[in-house]
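The values are calculated or read from the model by the stated rules, or taken from the named source; none is laboratory data. It should be emphasised that the depicted structure is a prediction, and the values quoted were computed from it without experimental measurement. We place every Cβ from the backbone using ideal geometry, glycine too, and count neighbours over all the protein chains shown.
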Amino acid sequence: MELRDFLAFRYISGPAFSPDGKNVCFTVTEADADENTYRHCLHLLDMETGKVRQMTAKDTEGTFAWLDGDRILFPAGRENRKGDAKDDGFTAWYCLDIHGGEALPFFRLPLKVSELIPLSDRHFYALAAFDPACPDYASLPEEDRKAWREKALPEKDYEVLDHAPFWFNGSGFDHTRQGLFSITASPFSVRRISDVSENVSSAHLQKNRLLFVSTPASAKPRLRGFSLKALDFETGSVSALYTNEDLMLDTLLSDPEDEEHVWFLAAGGQRYGINENPWLYRLNLPDGSLMVLSENACSVRNEVCTDCAWSEDSQPRLAGGEVLITSTVEGSAHLYGFSLKDGSRRSIVTRPGSLYCLAVSNTGKAVAAGMYDMGLEELCEIDLRSGELTCRTHLNTALDGLRVSLPVPLTAERDGVTIQGWVFPPSDAADGKKHPAVLDVHGGPKCAYGPVYFHEMQVWASLGFYVFFCNPRGSDGRDNAFADIRGRYGTVDYEDIMAFTDRVLDAYPEIDRSRVCVTGGSYGGFMTNWIISHTDRFCCAASQRSISNWLSFTGVSDIGLYFAPDQTGADLKDPSAMWKQSPLAYAENVHTPTLFIHADEDYRCPLEQGLQMFSALLAHDIEARFCLFHGENHELSRSGKPLHRIRRLQEITDWFLSHTREEN
């Protein structure tokens, strides 16, 4: 296994069935090292013949919408015209017949669209960003839009903030809101439907109306409360159907043929905070009555970590009288069906591995991107009755002929709780020699590691390292109580990880205890910082996109104002409790050589978090190195520029190698 092998990997995202259910369109993404970017092309799976063919080849087609059973629409910059996918907000959309022919220009939208919802050849709805300072920019004549842009140009030199989050990971400073827009293709027109004072999160077609979910715009994060509204197609009027001020909405689902009910997943958060697993509800629209269908409280997302998936989409879907939920269960992503009538649950897919991007058709067929048997992503068809998985694509051949280390399950017991984990033995594990090892800690913390291909771990195993990882308390895949470590960061989770480390070292005497490294990103970066400030048992560390100081994190992270108080069980009125859970408070105890990896556009775990810990180590004369990536964000290890991903993994690998040479 070579570090650069991932350049040949292909990633699947966004599968969607045609309205007639005969075809599935999906996006395939792959790295382009020469241009230091990624290529995105649309592919088509014929569900009847099983044939897969590439539909586009301009390398920029990452999203799409079905116009009908024969045509797809997608945005791309294919013309050398001013305004196509440029800063003035225009996006050019093209129409492609799946049976052949070139993609033809369809319309040019003065909107940054996140979702396009076709109603007919002529009429569309869209969820799109808008600037509240000019909420009807898209409806203005072109000359008025130009005048507005020229007026707003000086504003690009500075930022005026009156709300938080004021920036978002992956997009930087962001003053926009998301609204619902009506679009007419001929004659062309755009009209904003939603109010300027609200954010629209989702929209759902029904027979004679469009439902949409909104929340009021506010100066600080608003986690609870939402409104369900309806746009009547005949009258064009918007009415409020239901408002709830107490629940944190996860997902709303509707049946286009049922105008009396909707279903949604939501949590109150009173018992387990913002990470509380949601319940399934049914809302009766005529009278507004709400019924709890299931208190199952299972995880409703695929939180299994990998660095080989482009999209982490695992939204619940509605099909065949059930809500289909992808749930993290002890390191794997399972698929369950919950009855819309009584909330009863049945298991559909319980195979070890991972499922992403579930799509279902009107005819009851289902597909998803799956990672199984330590392989890369392929598009799988799912028999929703039997749970049988059938691989329908063969896009990834990069691992053929390479030795992939297989995960060996291992558990540790602590305080009556079983901590689940795995070990990747190195390629030369049976040579009778002592080997170095790497402890890898996942992010989240409400995520999970599992028996899924992880490239960086395979690289280290191929270089002679034992690689081990576990799901301590705080992880997903068990119940709410297991995942709840609010106010206990660095206590039960740290002790679980250390207990698992002891278990690995006892089970594998081939590991040289003096040459064990530790690394992790995000929460794993926090835990790496915590570990080095509470034990000297590791020969070196690589702290990635970390948290070191909860006090400053609260004020600078895009999730800081709500995540930090919730997770630490304290707020800025009680700074001592936050400081007590901050690794920086214990920096004087660090003796471990540490590499820090950060990106300057990471607004989730901002740059200053790593710099504070790095500076503290230098102040105490501890060996430290800082590798900063310009233009990257929190997703560096998963979707950063190809050459940056190579450099990141090379930095960590070289750090480990330099500190685990036997002469050390």
Practice problem: Please list, ordered by first then second residue, the pairs with beta carbon atoms under 7 Å, 6 or more apart or interchain, first in region 93-114 and over 19 Å from residue 43 (Cα atoms), second surrounded by 17 or more Cβ atoms within 10 Å (Cβ to Cβ) and charged (D, E, K, R). | Solution: 110/145
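Among the residues of region 337-383, which ones are farther than 20 Å from residue 44 by Cα and more than 25 Å from the chain's Cα centre (by Cα)? Reasoning before the result, please.
Taking region 337-383 and keeping what is farther than 20 Å from residue 44 by Cα, we get 337-354, 372-375.
Those that are farther than 20 Å from residue 44 by Cα and more than 25 Å from the chain's Cα centre (by Cα): 339, 340, 341, 342, 343, 344, 345, 346.
What residue, of 474, 387, 421, is touching a Cys at 6+ places or on another chain (Cβ under 7 Å) and either at pLDDT below 95 or among the small types (Gly, Ala, Ser) (or both)? Walk me through it before giving the result.
Details: 474 fails: touching a Cys at 6+ places or on another chain (Cβ under 7 Å); 387 fails: touching a Cys at 6+ places or on another chain (Cβ under 7 Å).
Answer to the check: 421.
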Quiz item: Inside region 263-371, counting only strands (runs of 3 or more DSSP E) that do not spill past its ends, which hold 2 or more residues that are among the basic types (Lys, Arg)?
Solution: 345-349
Self-check item: Subset tally (residues that are surrounded by 17 or more Cβ atoms within 10 Å (Cβ to Cβ), farther than 20 Å from residue 533 by Cβ and out of contact with any His (no Cβ under 8 Å at 6 or more places or on another chain)) for region 611-634
Solution: 2
Quiz item: Do we find that residue 122 is more than 21 Å from residue 173 (Cβ to Cβ) and touching a residue at least 24 places away in the same chain (Cβ under 8 Å) in this structure?
Solution: yes
Self-check item: Tabulated pairs, region 226-245, first free of Cβ contacts under 8 Å to residues at least 24 places away in the same chain, second in a loop (DSSP other than H, G, I, E, B) and among the charged types (D, E, K, R), C-beta under 8 angstrom, 6+ apart or interchain
Solution: 245/224
Quiz item: Mind checking whether some residue in region 598-615 is within 25 Å of residue 7 (Cβ to Cβ) and either more than 22 Å from the chain's Cα centre (by Cα) or not acidic (Asp, Glu) (or both)?
Solution: yes
Exercise. Out of the residues in region 448-502 that are within 30 Å of residue 370 (Cβ to Cβ) and basic (Lys, Arg), state the one that is surrounded by the most Cβ atoms within 10 Å (Cβ to Cβ).
Key: 473
Quiz item: Pairs under 9 Å by beta carbon, first residue under 24 Å from residue 162 (Cβ atoms) in region 176-196, partner assigned to a strand (DSSP E or B) and among the acidic types (Asp, Glu), six or more apart or different chains?
Solution: 177/198; 179/198
Quiz prompt | Residues that are touching a helix residue (DSSP H, G or I) at 6+ places or on another chain (Cβ under 8 Å) and closer than 18 Å to residue 394 by Cα, drawn from region 19-43 | solution = 30, 31
Quiz prompt | Matching residues in region 302-323 - criterion: being crowded, with 23+ Cβ neighbours inside 10 Å and out of contact with any helix residue (DSSP H, G or I) (no Cβ under 8 Å at 6 or more places or on another chain) | solution = 302, 303, 304, 305, 314, 316, 323
Quiz prompt | The lone exception for residue 621 - which of (1) in contact (Cβ under 8 Å) with a residue 12 or more places away in the chain; (2) outside any helix (DSSP H, G or I) it fails | solution = (1)
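Is it the case, given these coordinates, that residue 258 is assigned to a loop (DSSP other than H, G, I, E, B), surrounded by fewer than 20 Cβ atoms within 10 Å (Cβ to Cβ) and without any contact (Cβ under 8 Å) to a residue 60 or more places away in the chain? Lay out the reasoning, then the answer.
Values: assigned to a loop (DSSP other than H, G, I, E, B): yes; surrounded by fewer than 20 Cβ atoms within 10 Å (Cβ to Cβ): yes; without any contact (Cβ under 8 Å) to a residue 60 or more places away in the chain: yes.
It is true that residue 258 is assigned to a loop (DSSP other than H, G, I, E, B), surrounded by fewer than 20 Cβ atoms within 10 Å (Cβ to Cβ) and without any contact (Cβ under 8 Å) to a residue 60 or more places away in the chain.
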Practice problem: Would you confirm whether any residue within region 420-427 is of a type in the set (Gly, Ala, Ser), surrounded by fewer than 18 Cβ atoms within 10 Å (Cβ to Cβ) and closer than 30 Å to residue 271 by Cα? | Solution: no
Practice problem: Tell me which residues, restricted to region 238-255, are part of a loop (DSSP other than H, G, I, E, B) and buried (at least 20 other Cβ atoms within 10 Å of the Cβ). | Solution: 247
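Given the structure, is residue 489 touching a residue at least 24 places away in the same chain (Cβ under 8 Å), closer than 30 Å to residue 398 by Cβ and of a type in the set (Ser, Thr, Tyr)? Explain how you work it out, then say what you get.
Values: touching a residue at least 24 places away in the same chain (Cβ under 8 Å): yes; closer than 30 Å to residue 398 by Cβ: no; of a type in the set (Ser, Thr, Tyr): yes.
No, not satisfied.
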Quiz item: Counting just the residues of region 366-401 that are closer than 18 Å to residue 6 by Cβ and of a type outside the set (A, V, I, L, M), which one comes out surrounded by the most Cβ atoms within 10 Å (Cβ to Cβ)?
Solution: 377
Quiz item: Inside region 402-416, can you point out the residues that are surrounded by 15 or more Cβ atoms within 10 Å (Cβ to Cβ) and in contact (Cβ under 8 Å) with a residue 24 or more places away in the chain?
Solution: 404, 405, 407, 410, 412, 414
Quiz item: Looking at (1) farther than 29 Å from residue 514 by Cα; (2) among the acidic types (Asp, Glu); (3) assigned to a strand (DSSP E or B), which is the only condition residue 400 fails?
Solution: (3)
Self-check item: Residue that is surrounded by the most Cβ atoms within 10 Å (Cβ to Cβ) [pool: residues in region 104-120 that are of a type outside the set (A, V, I, L, M, F, W, C) and assigned to a loop (DSSP other than H, G, I, E, B)]
Solution: 110
Quiz item: Can you name the helices (runs of 4 or more DSSP H) wholly within region 503-602 that have at least 2 residues being crowded, with 24+ Cβ neighbours inside 10 Å and among the hydroxyl-bearing types (Ser, Thr, Tyr)?
Solution: 523-532
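Considering only region 336-357, how many residues are hydrophobic (A, V, I, L, M, F, W, C) and within 16 Å of residue 278 (Cα to Cα)? Full working, then the answer.
Quick first cut of region 336-357, residues hydrophobic (A, V, I, L, M, F, W, C) only: 338, 340, 348-349, 355, 357.
Subsequent filtering for residues that are within 16 Å of residue 278 (Cα to Cα) retains 338, 340.
Looking only at that region, the number is 2.
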Quiz item: If residue 363 satisfies every condition in (1) out of contact with any Phe, Trp or Tyr (no Cβ under 9 Å at 6 or more places or on another chain); (2) surrounded by fewer than 17 Cβ atoms within 10 Å (Cβ to Cβ); (3) closer than 28 Å to residue 257 by Cα but one, which is the exception?
Solution: (1)
Quiz item: Across region 207-216, what is the number of residues that are among the hydrophobic types (A, V, I, L, M, F, W, C) and at pLDDT below 95?
Solution: 0
Exercise. Considering only region 1-66, give the strands (runs of 3 or more DSSP E) lying wholly within it that have at least 3 residues that are closer than 29 Å to residue 637 by Cα and either of a type in the set (A, V, I, L, M, F, W, C) or in contact (Cβ under 8 Å) with a residue 60 or more places away in the chain (or both).
Key: 10-17, 23-32, 37-46
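Can you confirm whether region 476-492 contains a residue that is touching a strand residue (DSSP E or B) at 6+ places or on another chain (Cβ under 6 Å) and either over 26 Å from residue 429 (Cα atoms) or of a type in the set (Lys, Arg) (or both)? Break it down stepwise before answering.
First, the residues of region 476-492 that are touching a strand residue (DSSP E or B) at 6+ places or on another chain (Cβ under 6 Å): 476-477.
Next cut, either over 26 Å from residue 429 (Cα atoms) or of a type in the set (Lys, Arg) (or both) only: 476-477.
Checked region 476-492: at least one residue is touching a strand residue (DSSP E or B) at 6+ places or on another chain (Cβ under 6 Å) and either over 26 Å from residue 429 (Cα atoms) or of a type in the set (Lys, Arg) (or both).
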Quiz item: Of all residues in region 570-602, which are more than 19 Å from residue 517 (Cα to Cα) and among the small types (Gly, Ala, Ser)?
Solution: 570, 576, 577, 582, 585, 599
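Condition first: without any contact (Cβ under 8 Å) to a residue 40 or more places away in the chain, touching a Gly at 6+ places or on another chain (Cβ under 8 Å) and crowded, with 20+ Cβ neighbours inside 10 Å. Can you find one or more residues in region 277-287 that meet it?
Narrowing region 277-287 to residues without any contact (Cβ under 8 Å) to a residue 40 or more places away in the chain: 278-279, 281, 284, 286-287.
Those still in the list that are touching a Gly at 6+ places or on another chain (Cβ under 8 Å) too: none.
No, because not a single residue in region 277-287 is without any contact (Cβ under 8 Å) to a residue 40 or more places away in the chain, touching a Gly at 6+ places or on another chain (Cβ under 8 Å) and crowded, with 20+ Cβ neighbours inside 10 Å.
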